[in-house]
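> Before I ask anything, let me first share the structure, which is written out below as structure tokens.
The values are calculated or read from the model by the stated rules, or taken from the named source; none is laboratory data. Every value quoted in this text rests on a predicted model; they were computed, and no experiment measured them. A quick note on method: Cβ atoms are made from the backbone with ideal geometry, for glycine too, and the neighbour counts reach across all protein chains shown. We work out accessible area using only protein heavy atoms, side chains counted, and drop any ligands, DNA or RNA first. Shrake-Rupley method; radii C 1.70, N 1.55, O 1.52, S 1.80 Å.
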Amino acid sequence: MSSHQPAALAPGLIRRQLGTFQLSFYTISASAPLTVLGGGVVATLAVTGNLGTPLSFLVLGVVLAVWAVGYTAMSRHLDYGGAFYTYLARGLGGVWGVSGAAVALVAYNAIQIGLYGLFGVVASAFAEAQFSLAWSWYAWAAIAWAVVGLLGLFKVDLSAKVLGVLLVAEVAAVAAFDIGGFGHPAAGSISWQGLSPGELIGPGLGIVFALSTAAFVGFESGPVYSAEAKDPRRTVARATYIAVGFTSIFYCLSALALIVAAGPDQVAGMAQDPTSGLPFNFIEQYYGHSIAVIANCLLATSVFAALLSFHNVVARYTWSAGHEGVLPRFTAATSRRTGAPMAGSLLQSLLAAIVVAVFVALDKDPMAHLFTWLSYIAALGILLLMIGTSLAVVGYFRKSPSAAESAWHRTVAPVLAAVALAAIVIVTAANADALLNAEPGSLEIYVMPGIIVLTALVGIVWGLALRASDPRLYAGIGGGGTEQPAAEDGLGALLQARAAGGDATLTGSGDATGIHRRF
């Protein structure tokens with residue numbers, strides 16, 4: 001290996017690059033704090049008027065922390081990457097692992113692609129307001145798509161640095177709002193109604209939990225980077241708990257600050273008024289127009305950070321499945337220079353371009369359709385994966401007992417988490433009409449969850465087919481696969497060789513050649 005190239009287990013991902021805080025940038029950026037405040041919290045208050053919204057973040061934080069107990073315990077024993085896919089395979093069997101891989105790929109692609117609609121709307125509105133630049137939403141989405149796709153091909157620590165800068169900036173903006181909100185209460189004194197259980201247990205409780213749960217999506221992505229973490233047995237667990245603790249407390253305080261700033265009696269009405277500009281009207285009131293403009297710009301970068309984070313998650317799920325032969329081997333192609341999952345990154349970008357183009361061609365609304373529909377699909381899929389993973393933790397430690405893990409880690413916490421998350425899934429499905437802004441009984445209420453169910457079934461069938469056709473490959477599912485030798489030619493050469501019937505494809509042992517491309 002030449003001196004200028006990073007140490008790696010070629011052609012796999014470059015090992016041991018990410019520390020705890022770098023990995024935390026990925027997990028927290030995916031949750032997008034400023035987007036949650038400016039979009040999620042405002043939408044929740046507008047739809048439900050439930051003043052207990054801040055408390056919901058603390059309640060969910062406890063639930064997710066309990067879920068993370070088993071999740072991180074398993075991460076200490078499996079550092080292959082693949083997260084849900086790997087854990088389901090090792091805990092419940094290869095068939096469930098393949099099904100989980102299918103659901104994960106659909107769910108994370110859905111949230112990533114849906115965010116292009118949100119980014120396009122936010123960036124378009126900002127550019128028109130500040131620069132009189134009246135570009136369509138999909139023009140801005142295309143720019144974000146190109147930058148995300150490019151960054152996805154570079155070293156993972158470069159993306160971490162970009163995310164770190166953007167995350168610090170948006171957290172600073174939200175913190176500034178929080179300070180201003182608590183310092184200028186509309187009622188003359190700080191109201192603590194947002195932390196009252198009596199306020200939370202009221203109208204719209206189900207919708208509150210459904211929307212608040214969506215705000216946490218991304219915190220669970222840490223184990224996807226296990227192969228690239230400096231110390232996967234500790235780094236992943238620490239980053240996951242940091243993400244849960246930080247986001248739950250920060251979101252609670254920010255939602256409470258919004259209620260305090262607007263006033264408990266006025267906040268729902270302001271949230272329902274699209275011209276109110278929550279929360280940026282208060283930022284301008286507290287800090288002036290220039291700071292408000294910067295905060296609006298940071299809203300766009302917040303969405304961009306989430307786009308980049310989820311793009312990297314999808315690319316690594318693709319790499320894990322391709323590396324083990326669950327997907328075609330060429331999908332595990334990595335860049336020789338950067339170690340990035342090249343094929344997974346390019347495929348994700350291609351899929352995103354196709355889906356967004358279809359929505360544009362059909363003249364679908366970027367927010368009401370592209371963002372809302374795909375976000376709902378993603379939330380359901382990830383919740384089901386979390387439930388399955390809790391059960392997988394129990395199964396794994398029954399088959400592979402570990403004295404290092406207590407009964408709380410092995411059984412009690414995962415079972416409690418599975419029950420709580422199942423209740424959230426039921427609530428989310430029961431409130432589908434409100435979440436999707438659809439008429440009760442309308443087609444999309446059934447189509448959206450149906451996509452996840454169908455994906456899971458296809459994964460099960462594919463897993464059964466692999467078990468019957470290639471027992472050796474099936475036995476290795478979730479085991480990290482075997483490292484494959486590097487080659488000089490690129491992915492295009494591999495595809496051409498395969499199309500021509502050449503020998504630059506797969507060896508009998510499942511090794512792939514010709515899958516590196518220089519960047």
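> Within the stretch 440-450, identify whether any single residue is assigned to a loop (DSSP other than H, G, I, E, B), out of contact with any Phe, Trp or Tyr (no Cβ under 8 Å at 6 or more places or on another chain) and either touching a residue at least 12 places away in the same chain (Cβ under 8 Å) or open to solvent by less than 40 Å² (accessible area, probe 1.4 Å) (or both), and answer yes or no. Break it down into steps so the answer makes sense when it comes.
Of all residues in the stretch 440-450, those assigned to a loop (DSSP other than H, G, I, E, B) come to 440-442.
From the residues that got through so far, the ones that are out of contact with any Phe, Trp or Tyr (no Cβ under 8 Å at 6 or more places or on another chain) too are 440-442.
Now restrict to residues that are either touching a residue at least 12 places away in the same chain (Cβ under 8 Å) or open to solvent by less than 40 Å² (accessible area, probe 1.4 Å) (or both): 442.
Yes, that holds for at least one residue.
> Of the residues that sit in the stretch 14-27 and are assigned to a helix (DSSP H, G or I) and crowded, with 24+ Cβ neighbours inside 10 Å, which one is nearest to the chain's Cα centre (by Cα)? Can you show your working first?
Step one: filter the stretch 14-27 for residues assigned to a helix (DSSP H, G or I), giving 20-27.
Now restrict to residues that are crowded, with 24+ Cβ neighbours inside 10 Å: 23-27.
Working: L23: 13, S24: 13, F25: 12, Y26: 9, T27: 8 Å.
It comes out as T27.
> Within the stretch 413-421, identify whether any single residue is closer than 24 Å to L45 by Cα and open to solvent by 40 Å² or more (accessible area, probe 1.4 Å), and answer yes or no.
First pass over the stretch 413-421, keeping only residues closer than 24 Å to L45 by Cα: 420-421.
From the residues that got through so far, the ones that are open to solvent by 40 Å² or more (accessible area, probe 1.4 Å) too are none.
No: the stretch 413-421 contains no residue that is closer than 24 Å to L45 by Cα and open to solvent by 40 Å² or more (accessible area, probe 1.4 Å).
> Let me ask another. Looking at (1) in contact with a strand residue (DSSP E or B) (Cβ under 7 Å, 6 or more places away or on another chain); (2) open to solvent by 30 Å² or more (accessible area, probe 1.4 Å), which is the only condition I179 fails?
(1)
> At pLDDT below 85, of a type in the set (K, R) and surrounded by fewer than 19 Cβ atoms within 10 Å (Cβ to Cβ): which single residue out of R467, R517, R472, R498 fits that description?
Numbers: R467 fails: at pLDDT below 85; R517 fails: surrounded by fewer than 19 Cβ atoms within 10 Å (Cβ to Cβ); R472 fails: at pLDDT below 85.
Only one candidate passes the filter, namely R498.
> Within the stretch 265-300, restricting attention to residues that are hydroxyl-bearing (S, T, Y) and either touching a Cys at 6+ places or on another chain (Cβ under 7 Å) or at pLDDT 95 or above (or both), which residue is nearest to F57 (Cα to Cα)?
If we filter the stretch 265-300 for residues that are hydroxyl-bearing (S, T, Y), which is where we start, we get 275-276, 286-287, 290.
Going one step further and asking which of them are either touching a Cys at 6+ places or on another chain (Cβ under 7 Å) or at pLDDT 95 or above (or both), we end up with 286-287, 290.
Numbers: Y286: 26, Y287: 27, S290: 31 Å.
In this case the residue turns out to be Y286.
> Which of the residues belonging to the stretch 451-467 are β-branched (V, I, T) and touching a residue at least 60 places away in the same chain (Cβ under 8 Å)? Break it down into steps so the answer makes sense when it comes.
In the first step, residues of the stretch 451-467 are kept if they are β-branched (V, I, T); the result is 451-453, 455, 458, 460-461.
Answer for the stretch 451-467, where residues must be β-branched (V, I, T) and touching a residue at least 60 places away in the same chain (Cβ under 8 Å): I451, I452, T455, V458, I460.
> Do we find that L195 is within 13 Å of A379 (Cα to Cα), touching a residue at least 12 places away in the same chain (Cβ under 8 Å) and open to solvent by 40 Å² or more (accessible area, probe 1.4 Å) in this structure? Show your work before the answer.
Numbers: within 13 Å of A379 (Cα to Cα): no; touching a residue at least 12 places away in the same chain (Cβ under 8 Å): yes; open to solvent by 40 Å² or more (accessible area, probe 1.4 Å): yes.
The answer is no for L195.
> For a quick check of your reading of the model, give me the residue pairs whose first member lies in the stretch 355-366 and is open to solvent by 70 Å² or more (accessible area, probe 1.4 Å), whose second is of a type outside the set (G, A, S) and outside any helix (DSSP H, G or I), with beta-carbon atoms closer than 6 Å and at least 6 apart or on different chains.
none
> If you don't mind, there's one more thing I want to ask. Which residue out of A43, A102 is within 25 Å of Y474 (Cα to Cα), of a type in the set (A, V, I, L, M, F, W, C) and open to solvent by 10 Å² or more (accessible area, probe 1.4 Å)? Steps first, please.
Working: A43 fails: within 25 Å of Y474 (Cα to Cα).
Selected residue: A102, the only one of A43, A102 that is within 25 Å of Y474 (Cα to Cα), of a type in the set (A, V, I, L, M, F, W, C) and open to solvent by 10 Å² or more (accessible area, probe 1.4 Å).
> Only one of these is assigned to a helix (DSSP H, G or I) and in contact with a His (Cβ under 9 Å, 6 or more places away or on another chain): V412, V393. Name it. Let's see the steps before the verdict.
Working: V412 fails: in contact with a His (Cβ under 9 Å, 6 or more places away or on another chain).
After ruling out the rest, the residue left standing is V393.
> Here is a follow-up. With F250, F246 as the choices, which residue is open to solvent by 30 Å² or more (accessible area, probe 1.4 Å) and assigned to a helix (DSSP H, G or I)? Talk me through it step by step, then tell me what you get.
Numbers: F250 fails: open to solvent by 30 Å² or more (accessible area, probe 1.4 Å).
It is F246.
> If you don't mind, another one. Which of (1) touching a residue at least 12 places away in the same chain (Cβ under 8 Å); (2) open to solvent by 60 Å² or more (accessible area, probe 1.4 Å); (3) out of contact with any Lys or Arg (no Cβ under 8 Å at 6 or more places or on another chain) does Y376 not meet, given it meets every other one?
Among (1) touching a residue at least 12 places away in the same chain (Cβ under 8 Å); (2) open to solvent by 60 Å² or more (accessible area, probe 1.4 Å); (3) out of contact with any Lys or Arg (no Cβ under 8 Å at 6 or more places or on another chain), Y376 violates only (2).
> Something else now. Specify the residue that is modelled with the lowest pLDDT; the eligible residues are those in the stretch 232-264 that are within 18 Å of I28 (Cα to Cα) and of a type in the set (K, R).
R234
> Now a separate question. Restricting attention to the stretch 278-290, which residues are buried (at least 16 other Cβ atoms within 10 Å of the Cβ) and more than 15 Å from I259 (Cβ to Cβ)?
Within the stretch 278-290, F280, I283, E284, Y286, Y287 meet the criteria.
> Under the condition of being of a type outside the set (F, W, Y), touching a Phe, Trp or Tyr at 6+ places or on another chain (Cβ under 9 Å) and open to solvent by 30 Å² or more (accessible area, probe 1.4 Å), which residue from the stretch 144-161 is nearest to A300 (Cα to Cα)? If you could, list the steps in order and put the result at the bottom.
Here is the first cut: in the stretch 144-161, the ones of a type outside the set (F, W, Y) are 144, 146-153, 155-161.
Checking the rest, the ones that are also touching a Phe, Trp or Tyr at 6+ places or on another chain (Cβ under 9 Å) come to 144, 147-148, 153, 156, 159-161.
Still in the list and also open to solvent by 30 Å² or more (accessible area, probe 1.4 Å): 147, 161.
On the way: V147: 14, K161: 18 Å.
The extreme case among them is V147.
> Still on this structure, I have one more. Do you know which residues across the stretch 475-485 are modelled with pLDDT under 50 and surrounded by 19 or more Cβ atoms within 10 Å (Cβ to Cβ)? Don't jump to the end; show me each part of the working.
Restricting attention to the stretch 475-485, the residues satisfying the condition of being modelled with pLDDT under 50 are 482-485.
Selection gives Q484 alone.
> Also: Give me a count of the residues in the stretch 422-439 that are under 21 Å from I387 (Cα atoms), free of Cβ contacts under 8 Å to residues at least 12 places away in the same chain and either small (G, A, S) or open to solvent by less than 60 Å² (accessible area, probe 1.4 Å) (or both).
Adding up the residues that qualify gives 1.
> From the list A107, A30, A83, pick out the single residue that is open to solvent by less than 20 Å² (accessible area, probe 1.4 Å), over 22 Å from A368 (Cα atoms) and of a type in the set (A, V, I, L, M). First the steps, then the outcome.
Numbers: A107 fails: over 22 Å from A368 (Cα atoms); A30 fails: over 22 Å from A368 (Cα atoms).
Within the list A107, A30, A83, the selection yields A83.
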